[in-house]
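Written out below as structure tokens is the structure these notes cover.
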Amino acid sequence: MNVLVTGGCGFIGSALVRNLLRQTDWTVVNIDCLTYAGHVESLEEGLEHPRHHLIRKHIADREAMDAAFAEFQPMAVMHLAAESHVDRSLTGPAEFIHTNILGTYTLLEAARSHFGKLDAAGKAKFRFLHVSTDEVFGALGPTGQFTEETRYDPHSPYSASKASADHLARAWHHSYGLPVLVTNCSNNYGPFQFPEKLIPVVIRKALAEQPIPVYAKGENVRDWLHVDDHVSALLRVLNAGQIGETYAIGGRAEVRNIDLVQVICEVLDELRPRSSGTKHAELISFVSDRPGHDFRYAIDCSKIERELGWKQSVTFREGMRSTVEWYLANQTWVEAVLKP
């Protein structure tokens, strides 16, 4: 079938596109306006693949969205396009409102128009999968986990815009009958992540023999999910999820930021020792905390495990080592995407 993927040149989106082209016979319609965080290089062989069609348009462009639906007649939408960096949302929230809220609204309306023109068999098959984040739930204390029933409590312009998009997606299901599925995931990591996020930043700074910045004392906790595991979960939800339901996707890998950085440093000590003979961890530098920095995130992914049979396949230690190895072997990609 034809599947429309938004944000397919971003970190998670490109992992999804690569998987779809390698593991299925589906045709992928990739809509990405190629902001600073979207790069065709991340698609690897997918860029020239005969079943891959790249449309360089913004999801808030209704005319372009209508044209894409009309031309390709997709039976599924996997909506991953978003502005996603918390720090950037604090200094420039407008883009987050435009893409994450207005863009999602525009895409939902285009999908609703398309859905309304399908015959009964097409309506029964069509799905709209809205991909979101655990940051919409706010912060946890020392105990407990987010579930599909957790109350929304976003604390940054980024998380507030994603929360708004979640509510829109559910409203289009309840109000108009659009067959919507929603997922909320924990922190992703793995190959091709834009080098503004924590893990690639640590690797870059360490290799450059520069201070490795860690907010506050590094005690904030995140649940880490390998991007390939996330992609497998998204496909399971698309294929087997119950319409109107939400599925929380986590890595069952809660780690303090400082411990995460220490693990990366240990792997680098082994794979790329410093010429001075000292440990990479000596480069760690604690910096002032960012505003509204949530203390702890953790996801209870029992529902997707129980109802859809999904389970993580990459352990935290294995995934972190393979991620460091990938960045060491792909410095040309890092340099290319960082060029203005």
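The values are calculated or read from the model by the stated rules, or taken from the named source; none is laboratory data. Just so you know, these numbers come straight off a predicted model, no measurement behind them. Note that we place each Cβ from the backbone using ideal geometry, even for glycine, and neighbour counts take in every protein chain shown.
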Just one listed residue, out of 80, 90, 54, 47, is surrounded by fewer than 17 Cβ atoms within 10 Å (Cβ to Cβ) and within 21 Å of residue 231 (Cβ to Cβ), and it is 47
Hey, among 199, 212, 203, which residue is touching a Leu at 6+ places or on another chain (Cβ under 6 Å), over 24 Å from residue 79 (Cα atoms) and modelled with pLDDT of 95 or more? 212
Which of the residues belonging to the stretch 273-291 are in contact (Cβ under 8 Å) with a residue 40 or more places away in the chain, surrounded by fewer than 15 Cβ atoms within 10 Å (Cβ to Cβ) and either in contact with a Ser or Thr (Cβ under 7 Å, 6 or more places away or on another chain) or not β-branched (Val, Ile, Thr) (or both)? 285, 286, 288, 289, 290, 291
So for the stretch 111-119 (the condition being touching a residue at least 24 places away in the same chain (Cβ under 8 Å) and acidic (Asp, Glu)), does at least one residue qualify? no
Condition first: touching a Pro at 6+ places or on another chain (Cβ under 8 Å) and modelled with pLDDT of 95 or more. Can you find one or more residues in the stretch 268-279 that meet it? no
Of the residues in the stretch 185-244, how many are touching a Pro at 6+ places or on another chain (Cβ under 6 Å) and over 25 Å from residue 270 (Cα atoms)? 1
Restricting the stretch 238-260 to residues that are among the hydrophobic types (A, V, I, L, M, F, W, C) and under 30 Å from residue 142 (Cβ atoms), which is surrounded by the most Cβ atoms within 10 Å (Cβ to Cβ)? 249
Could we say that residue 208 is among the aliphatic types (A, V, I, L, M) and in contact with a Phe, Trp or Tyr (Cβ under 8 Å, 6 or more places away or on another chain) here? no
Taking the criterion of being touching a Ser or Thr at 6+ places or on another chain (Cβ under 6 Å) and not β-branched (Val, Ile, Thr), would at least one residue in the stretch 21-43 satisfy it? yes
Flag if residue 300 is modelled with pLDDT under 95, in contact with a Ser or Thr (Cβ under 9 Å, 6 or more places away or on another chain) and either closer than 21 Å to residue 226 by Cα or not hydroxyl-bearing (Ser, Thr, Tyr) (or both): no
Of a type outside the set (Val, Ile, Thr), in contact with a His (Cβ under 7 Å, 6 or more places away or on another chain), crowded, with 20+ Cβ neighbours inside 10 Å and not in a loop (DSSP other than H, G, I, E, B): does that describe residue 21? yes
Subset tally (residues that are assigned to a loop (DSSP other than H, G, I, E, B), touching a residue at least 24 places away in the same chain (Cβ under 8 Å) and farther than 17 Å from residue 94 by Cα) for the stretch 143-165: 4
Residue by residue through the stretch 166-191, note down the ones that are more than 17 Å from residue 232 (Cα to Cα) and in a loop (DSSP other than H, G, I, E, B). 177, 178, 179
